[in-house]
Amino acid sequence: MTTPGPEGSTRAGGWQVLVTGALLAVATLLFRIPVFLNAEALDSDITVVGLQAWHLAHGEFSLRLWGTDYQGITAPLATLLVETLLPVRPSLALALSSVLGHVVLVLALFGVLRRVVPLPLAALGAGCVAVCPEPLNYLTYSAFRIWSFTLVFLALYLGERAAGESRPRWHVVFAGLAGVAVGLGYYSDLFVLQFIPGLVLYLLWWTWSAARRPRWQALGAVLLGYVVGSIPRFRAHMKPPRLSEFSISNLEQVWPLFWEQCLPYVTGAKLFASADGFQRPELRPEGAWFPLMVLGLGAFLLLVLGGALIALLPVADRAARRLAWCGAAWMGVSLIGFLFTGRAVDMMSARYLVPILLGFPLVVAPMLDRLVRSGRAAVGVALLLLVVAHFGVAGWRGYGGWIDGGRPHVTRYGSGEDEQALLAALQQRGVEAATGDYWAAYRLTYLWKEQLTVAPAHGSERYGPYQQRFASARRKALIFFPAIPVTPYKVPEPWEDNLRREGRHFERLTVGPYTALVLD
């Protein structure tokens with residue numbers, strides 16, 4: 001059974017919506033099985049979130065994520081909540097806390113889309129984000145950023161609820177909550193700055209279409225809510241990027257990286273999959289993947305161009321058009337920021353382009369609406385299926401060493417066996433603290449539950465007290481890990497030569513890929 005939806009859309013019955021939403025949530029979780037199986041392989045950037053969650057639980061409070069001036073503590077709080085509620089090992093709770101944020105994002109997107117297009121098209125539109133190429137997929141389990149995106153989509157959902165609400169009081173309440181979500185999202189990660197111009201366009205569109213008195217009340221509620229949601233950011237003294245970062249001269253330097261690597265990577269046209277967590281060689285198209293890639297990218301481009309064109313014309317549903325303007329602004333701001341700020345430095349900078357993927361389901365809404373109105377909804381279904389299939393294959397293959405023959409499996413690095421054996425060996429020798437490269441330090445400290453802390457001697461310093469523990473330790477160790485591409489803590493031989501020249505006694509210890517020099 002279907003009932004009329006807001007602004008002329010067709011909405012499915014409640015049970016159909018619940019079942020479809022549940023299937024989307026399950027699909028989002030199942031797509032991350034390789035992550036859950038290899039949770040011990042999560043890197044130092046991710047495990048810092050878990051470490052701070054433990055310290056928050058013991059009253060060590062800070063409004064910023066350790067070592068940053070642009071991220072709040074939303075992610076550590078989410079991790080702490082999952083660890084408290086679910087009886088799972090810490091590394092799995094850390095991964096789950098991030099993926100569950102992505103589940104909420106997908107459901108919020110589904111809730112937005114089903115207000116303007118039929119249920120199957122809304123589900124497939126959300127499916128384009130539930131499964132996705134690696135640059136976005138990495139952020140779905142990386143813990144430190146996804147909740148900021150989730151809050152943006154919650155704001156969008158609340159905005160749509162406000163737009164469809166006929167009761168003035170609830171119209172204003174939902175509008176205010178949307179503003180709070182935007183403010184909290186921006187506090188969670190200043191990356192959300194890329195989304196704000198699109199959200200402003202969106203919110204102005206629907207407030208201006210309301211009756212005169214609720215219009216101003218709703219707009220005031222949005223602004224007040226944004227101020228309330230921004231209180232943690234103000235108190236944390238976060239500063240947004242400066243306009244001086246923008247320069248046309250950056251374009252010449254960034255363009256080759258953008259065109260040859262990052263844009264193809266973020267859209268799944270090229271795959272760079274890791275086998276060891278660090279190196280990312282390119283995977284060439286093979287078998288049926290090449291035609292699927294061509295068809296999927298063709299459908300992606302056709303939907304984007306068609307949706308953007310129709311959004312400029314007063315022929316589509318108003319709600320679909322305002323969503324498209326929002327998504328197009330996300331894409332445009334992302335491209336401008338990438339090309340003209342000079343912040344993009346390598347292939348992994350493709351993460352700055354993920355608003356292209358997040359904005360895609362919104363941009364295509366007007367085209368889907370026109371297809372439905374003209375009786376060609378099946379065409380929209382077919383095009384979205386191609387995109388979902390292409391994104392799904394690109395994202396799955398992007399897991400690299402976490403899949404074998406298409407099947408997820410536990411790697412030795414992902415099981416943490418060598419790391420636990422190394423801890424036991426160091427403790428047996430009375431080591432109280434260690435040091436090494438950033439990409440090993442915080443991960444080992446987390447896997448070892450701070451029984452033995454590893455302070456980074458090379459790379460970013462995220463938490464100063466670990467250095468203090470290392471400095472005051474009576475017996476120390478230097479840890480070397482050869483998989484890290486550029487670091488003085490890659491191999492121990494140069495350090496051994498120096499220690500011998502200084503006449504210092506040490507013991508060399510090898511466990512799996514790790515080498516430790518235990519210093520007396």
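The values are calculated or read from the model by the stated rules, or taken from the named source; none is laboratory data. The structure displayed is predicted, hence computed values, not measured ones. Note: ideal-geometry Cβ built from the backbone for every residue, glycine included; neighbour counts use all protein chains shown. Keep in mind that these areas ignore ligands, DNA and RNA; they rest on the heavy atoms of the full protein, side chains included. Shrake-Rupley method; radii C 1.70, N 1.55, O 1.52, S 1.80 Å.
How would segment 386-520 be classified by its alpha-carbon gyration tensor: rounded, prolate or oblate, with rounded meaning a/c under 1.5 and the a/b versus b/c comparison settling the rest?
It comes out prolate by the Cα gyration axes.
Of W205, W170, which has the most accessible area and how do the rest follow, probe 1.4 Å?
Accessible-area ranking of W205, W170, largest first: W170, W205.
Which helices pass in the chain if a helix is a full DSSP H run, must span at least 27 angstrom along its long axis by Cα, and must have mean Kyte-Doolittle hydropathy not below 0.5?
In the chain, the long hydrophobic H runs are 90-113, 168-188, 289-311, 318-341, 377-397.
Accessible area per residue for the chain in Å², computed with a 1.4 Å probe and the full protein assembly in place, what is it?
It amounts to 42 Å² per residue over the chain.
Just to verify a number: what accessible area does Y187 come out at with the full protein assembly present, 1.4 Å probe, Å² rounded to tens?
Number for this one is 10 Å².
Quick one: compute the contact order of the chain, relative version, from alpha carbon pairs under 8 angstrom and 6+ residues apart, as a percent.
Relative contact order for the chain comes out at 17 percent.
I'd like the distance separating the alpha-carbon centroids of segment 429-477 and segment 73-129, in whole Å.
Value for the Cα centre distance between the two parts: 33 Å.
Determine the distance separating the Cα centre of segment 131-150 from the Cα centre of segment 373-403; give it in Å without decimals.
The distance from the Cα centre of segment 131-150 to that of segment 373-403 comes to 18 Å.
Taking the convex hull of the alpha carbon atoms in the chain, what volume per residue do you get, in Å³?
Enclosed volume per residue, from the Cα hull, is 163 Å³.
For a quick protection proxy, order the peptides 125-137, 246-258, 77-89, 299-311 by their average other-Cβ count within 10 Å, most packed first.
125-137, 299-311, 77-89, 246-258
How big is the gap, in Å, between the Cα center of segment 245-272 and the Cα center of segment 275-345?
Between the Cα centres of segment 245-272 and segment 275-345 lies a distance of 13 Å.
Going by average Cβ neighbours within 10 Å, how do the peptides 50-61, 30-41 rank, with the highest at the top?
Ranking the peptides 50-61, 30-41 by packing returns 30-41, 50-61.
Under a 1.4 angstrom probe, counting protein chains only, how are H237, H171 ranked by accessible area, largest first?
H237, H171
First compute the accessible area of the chain with a 1.4 Å probe, then give the percent of it belonging to carbon and sulfur atoms.
C and S atoms contribute 64 percent here.
Can you work out the PRE-style zone for S472? Point 7 Å along Cα to Cβ, and I want the residues of segment 412-434 with backbone N under 18 Å.
In segment 412-434, the label zone of S472 (backbone N under 18 Å from the point 7 Å along Cα→Cβ) covers 431-434.
How much net charge surrounds S44 when only the other residues with a Cβ under 12 Å from the Cβ of S44 are counted, with Lys and Arg +1 and Asp and Glu -1?
Result for the local shell: -2.
Applying a 10 Å radius around every beta-carbon, put 380-386, 312-318 in order of their mean neighbour count, most first.
380-386, 312-318
Taking the Cβ of L292 as the centre, find all other residues whose Cβ is under 15 Å away and add up their charges (Lys, Arg: +1; Asp, Glu: -1).
+2
Counting only other residues whose beta carbon sits under 12 Å from that of K270, what net charge do I get with K and R as +1, D and E as -1?
Residues near K270 contribute 0 overall.
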